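Read through the structure below, which is laid out as structure tokens, and then see the notes.
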Amino acid sequence: MHLLRTRTWCLAAAMLPTWCFSQSLQEAVLKSLTQYPSIAASQSRTQAAQSDIMRAKGAHWPQLSWSATYNDYRSNAVSDRWVQSPLLSLNLWSGGRIQSDVERAEALARASQKQEGITRDDVALLSSEAYLQWAHHKHMVALAQENLSTHEKILRDFLTITQVDPGRRIDLNQAQVRYDNAQLSLLKTQTDTAEAAERVARMLMAPVPSEPSGLEWLPPIQYASLDQAQMKLDDQHPVIARLLAQREAAQASVRFAQAQNAPSVNLTHAKSTTPGLADGKFVTQLQLNLPLFDGGTARGAVGVATANLQALESDLKETRLILNEQLATVWASWVSYKSRAEIGQQQTRTAQDLAQGYGQQFRVGRRSLLDLLNIQSDLYTYQSNTATALLESRLSQLRILANLGQLANTWSLVPTGRALPGSVQIAPPTPTPLASLIQTLSSPDALTMVHVVDPSQAFALPLPQE
């Protein structure tokens with residue numbers, strides 16, 4: 001029993017790092033959506049707006065308070081004394097001032113709710129971009145390390161050649177320069193990776209996961225064309241809906257300002273404090289207040305509210321134009337980078353074949369050092385461009401959903417760890433064998449195994465029947 005318990009604890013300890021530090025892209029986004037400070041701030045603003053509705057509606061209800069009045073009369077006939085009384089007041093008519101205040105508070109609450117959704121989309125996009133860029137830079141580090149190793153191998157091989165042929169020592173400097181450049185490229189990518197990791201840690205508010213995962217699972221785009229996607233930029237779009245709610249609040253502010261010129265009627269019930277007239281007894285009063293002159297206060301308030309309403313109308317028109325432009329731009333980028341990633345994959349495969357063949361030919365003296373260095377430089381460039389295009393295609397896909405106001409909800413609705421249709425998935429390039437490196441082993445009525453320099457790239461071809 002003791003041995004079993006020991007093994008159990010050892011197994012749990014071995015799995016603990018995986019539990020603590022393994023976090024997929026979707027899990028990282030969902031974690032940011034639950035704890036990032038801007039999310040909590042937007043939720044608090046929504047709660048404040050909801051409370052403001054209660055404040056505005058409270059003016060419709062009777063107001064009960066307690067008051068105490070001390071009377072000091074300049075006459076011996078009237079004694080000085082305190083008058084204490086509960087005070088009940090009820091507004092019967094306010095000219096629409098109370099109701100317009102309620103409508104303004106309700107509209108601002110709806111705007112806060114829409115802003116909360118916009119903030120969630122912003123955080124989802126920021127965390128997705130941070131995670132994907134961090135994964136991209138880690139991949140670029142691997143490519144840079146592979147490139148450095150290749151240049152180091154070329155440099156070692158040429159050192160061996162110069163020992164036999166000292167006259168070619170001048171070419172050694174060229175190989176050394178390319179090797180140094182590969183080192184600088186590696187240092188730059190390592191710095192970029194460290195910066196990207198800090199950004200991921202900020203979004204997660206936790207240490208960076210050990211390795212990126214779940215990169216092939218991206219929220220899908222459900223629209224076949226740009227026109228279909230732009231149809232979703234309607235009044236239900238979070239940004240437009242927020243502006244529409246703010247416009248309703250501005251219209252209510254105009255009505256509130258106009259109501260300042262309207263008469264108001266209030267009903268009060270309290271003890272009378274007037275000496276000799278129901279002194280100390282409860283009195284019900286109906287009070288009418290009619291503004292006659294306020295020095296332009298009400299007129300100025302109406303002008304301010306009207307100008308703010310006109311500004312919101314203009315902002316709404318501009319926002320519709322900007323959203324359409326942004327969606328068209330990011331859609332074009334998505335289509336372009338998908339094609340560039342596919343073309344880059346083909347270029348990488350071809351360059352890998354050439355680099356492999358040039359390396360063999362260089363060792364038998366059929367290729368110059370410059371040819372070998374150039375093809376290796378081209379290969380690294382193609383690999384880097386392909387990785388960058390794949391990153392940008394994924395980022396563009398997420399930006400389309402964020403532009404449509406659907407990114408956060410899509411991440412939340414998809415089960416964790418499930419492959420999503422419509423994601424950009426490009427397999428890593430694999431080199432194809434060169435014809436000059438194939439050695440055919442004949443075997444009648446069977447499959448022929450073709451041997452290449454890299455044993456992992458072996459494949460089979462059927463023999464033609466005699």
For the range 97-138, which GluC sites (Glu not before Pro) are both in a DSSP coil and crowded by at most 12 other Cβ atoms within 10 Å? none
Hey, rough spin-label estimate for Leu87 and Gln63, points 7 angstrom out along Cα→Cβ, what's it come to in nanometres? 0.8
Would you list which aspartates and glutamates come within 13 Å of Lys188, measuring only between C-alpha atoms, while excluding same-chain residues fewer than 8 positions from it? Asp180
Apply 1/(1 + (r/R0)^6) to the Cβ-Cβ distance of Gln43 and Glu211, taking R0 = 56 Å, and write down the FRET efficiency to the nearest 0.05. 0.95
Hey, which lysines would be in cross-link range of Lys271, C-alpha to C-alpha under 17 Å, not counting anything within fewer than 8 residues on its own chain? Lys281
Taking a threshold of 32 Å on the Cα-Cα distance, which of the pairs Lys31/Lys138; Lys31/Lys57; Lys57/Lys232 fall above it? Lys31/Lys57; Lys57/Lys232
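Bear in mind that the values in this text are calculations on the coordinates, not laboratory data. Since we're looking at a predicted model, the values are computed, not measured. As a convention, Cβ positions derive from the backbone with ideal geometry for all residues, glycine included, and neighbour counts pool all protein chains shown.
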